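Have a look at the structure below before the remarks.
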Amino acid sequence: MQELKTVISNDRRFINSLKEEISKIIVGQEQVLDGFIRALLSDGHVLIEGVPGLAKTLMIRALAKVTACNFSRIQFTPDLLPTDIIGLTAYDKEKGFYVIKGPIFSNMVLADEINRAPPKVQSALLECMQEKQATIGNETFHMPLPFFVLATQNPLESLGTYPLPEAQMDRFLYKLNISYPTLDEESLILKKNITLQKFESFELKSVLSPEKLIKMQTDVKRVYVDKKIEKYVVDIVDATRHPEKYRIQQGKYIEWGASPRASIGIYISAKVQALLERKTFVIPQYVKDVAADVLRHRIMVNYEGQAEGITSDKIISEILEKVNIP
């Protein structure tokens, strides 16, 4: 137990150094950055929704830099093809057939405006996310580890977009909403932005390595979860499927509840939250801290709820209030 405490404390110091380094270039957005870090340590992927210009691209680029990971950005467009992401088999009369790998083969991938690409392209990306491998021609290639995908959606425009089906959204560990900065933060942004300065001029240092990140993902699995906490996680997810059992008044607005992936997501994310709090065990508060990010895109609100202005976040808040801690 003492050895695990030392490991977790050491991991937390690395996280602090990582956040300190990223703060050189990113102003505010601490909750979003915490979500990225939790997802990365949980070995999951993130879907983020927000208006343009809120530093989504800059944040993952900075995260890749300070973790010494490879980074690639894919701009999704209606004419994009699966081969543009995964790669293809080419032929040369001297070399014969050979494989050209696509931009998906990076440690950190930004899938910008994923809802602009047609379904077959979305499916190609999501297969890589789920299986951590891609097939090009007759060969199967594994993704470099760690493998982290950040997909963005622009909520303002619907023209020429292909919304992600619920089954595909379920592949993302988190859905995060990014909001406008405060007045004070925006004043700082005026002086510290990459329109006036180059990305390289911030001189971000690599404080982690891909190998260390993989080790930290392994450390997370050692965090203890009591049987009562496991029941609490299962009850929260069950409340999204059978709200009447838990007297959830807004349950009538739920079209579909969360899948078992939600239970797994909350379980592993609560372990990461414990690590970030320098604890070797999970308490109910850590479950509450991560539940909204995991459930936000997995609870489908029906038409009646949408007409009433009910969001999945409101339903999640009521669930966390009413589900009893064992």
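Values for this structure:
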item	result
Given (1) among the basic types (K, R); (2) in contact with an Asp or Glu (Cβ under 9 Å, 6 or more places away or on another chain); (3) at pLDDT 95 or above, index of the condition R296 fails	(3)
Count of residues meeting criterion [within 15 Å of P284 (Cα to Cα), under 26 Å from the mean Cα position of the chain (by Cα) and not aliphatic (A, V, I, L, M)] in segment 308-325	2
Per-region count, segment 113-147, residues assigned to a strand (DSSP E or B) and surrounded by fewer than 20 Cβ atoms within 10 Å (Cβ to Cβ)	7
Answer from G44, G35 - the residue that is in a helix (DSSP H, G or I), touching a residue at least 60 places away in the same chain (Cβ under 8 Å), buried (at least 21 other Cβ atoms within 10 Å of the Cβ) and assigned by TED's automatic domain parsing to the domain that holds S179	G35
Verdict on R73 being among the basic types (K, R) and under 18 Å from the mean Cα position of the chain (by Cα)	yes
Residue match in segment 263-274 (condition: of a type in the set (A, V, I, L, M, F, W, C), farther than 21 Å from R298 by Cα, in the same structural domain as T311 (by TED's automatic domain parsing) and in a helix (DSSP H, G or I))	yes
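The values are calculated or read from the model by the stated rules, or taken from the named source; none is laboratory data. Computed from a predicted model, the values in this text were never measured in an experiment. Here Cβ is always computed from backbone atoms with ideal geometry, including for glycine, and neighbour counts include all displayed protein chains.
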